[in-house]
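The values are calculated or read from the model by the stated rules, or taken from the named source; none is laboratory data. On a predicted model such as this, the values are computed, not experimentally measured, just so you know. Here the Cβ positions follow ideal geometry from the backbone for every residue, glycine too, while neighbour counts run over all protein chains shown. Side chains are part of the model used for accessible areas, which takes the heavy atoms of the whole protein and leaves out ligands, DNA and RNA. Shrake-Rupley method; radii C 1.70, N 1.55, O 1.52, S 1.80 Å.
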Amino acid sequence: MILSGGPVRKGPRPEPPAGARTAALVPAYFAPDAAPGEWRRLLAAPPRLVVVSVDHGPGAVRQAAYVPCVAALLTAGCEVLGYVDTDFGLRPSEEVRADLRRYRDWYGLRGVFLDQVAASEERLPHYADLVDGVRGTVVLNPGVYPDPGYAALADLLVTFEGPLSAYRSMREPAWARAFARGRFCHLVHDVPHRQVEPTLRRAVRHAAVVHVTDRTGAAPWRDLPTYFG
């Protein structure tokens, strides 16, 4: 696992400078053969990080359609992460590790995006065990601010995932202010075009890695935002 270090300062984090920008982590939960147009758009404006989910994970067999797409992203300088569901710490470790091996063997991916991550202190040993030995980037997604111990296990911690209506009332806990913004990611959906800039201005105060989309419903990451790129 490539850790970017612990807290970089004591006390409150300063406001970012005017014009501070965010990097993007794009959940690309659409198949190249089913949504070639979405992949063309993604490859035309490659972000810093892309998460792929073949079948809510790596799937049962290697999908050839993903191979050239993943290779193109890597050539463009993207980090490509494999999506793995952890069922809030209830999924057996051996199943999670099997998914990691499939992503590595079938698509050459080292980094991982662990989703549905628990947020409680009692599950920390389970996640420490899961990430032990991972040699690529580790992203943990509890979708909320978890126990601060999770920040030590990940290169990037997703501390918000949800609709814009909930994001407006999101509050950053005191412990998070001791960490650099680059350690945190926010994923916000139901963001209409006119609200993109205000949402990013809010996000840049808390997280240096952000993705916003106007897509809605139970699966907002099944398509790129209409305003992507």
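Numerical summary
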item: Among (1) part of a helix (DSSP H, G or I); (2) free of Cβ contacts under 8 Å to residues at least 24 places away in the same chain, the one test that W175 misses; result: (2)
item: Scope segment 193-224; condition assigned to a loop (DSSP other than H, G, I, E, B) and without any contact (Cβ under 8 Å) to a residue 24 or more places away in the chain; matching residues; result: G217, A218
item: Any chance V139 is crowded, with 22+ Cβ neighbours inside 10 Å and either touching a strand residue (DSSP E or B) at 6+ places or on another chain (Cβ under 6 Å) or outside any helix (DSSP H, G or I) (or both); result: yes
item: Top-ranked residue in segment 173-192 [being over 23 Å from P27 (Cα atoms) and open to solvent by 20 Å² or more (accessible area, probe 1.4 Å); ranked as nearest to the chain's Cα centre (by Cα)]; result: F179
item: Hey, D105 acidic (D, E), closer than 30 Å to A65 by Cα and under 17 Å from the mean Cα position of the chain (by Cα) or not; result: no
item: Given (1) basic (K, R); (2) crowded, with 17+ Cβ neighbours inside 10 Å; (3) at pLDDT 95 or above, index of the condition R13 fails; result: (3)
item: Lone qualifier among D147, D155, D129 - being among the charged types (D, E, K, R), touching a residue at least 12 places away in the same chain (Cβ under 8 Å) and open to solvent by 60 Å² or more (accessible area, probe 1.4 Å); result: D129
item: First in segment 86-104 and within 18 Å of A128 (Cβ to Cβ), second anywhere and acidic (D, E) and loosely packed, with under 14 Cβ neighbours inside 10 Å, Cβ under 9 Å, 6 or more apart; result: G89/E122; S93/D129
item: Cβ pairs under 6 Å, 6+ apart, first in segment 25-51 and small (G, A, S), second not in a helix (DSSP H, G or I); result: A28/V50; A28/V52; A45/G229
item: Of all residues in segment 193-213 being open to solvent by 40 Å² or more (accessible area, probe 1.4 Å) and of a type outside the set (A, V, I, L, M, F, W, C), the one that is farthest from E38 (Cα to Cα); result: R205
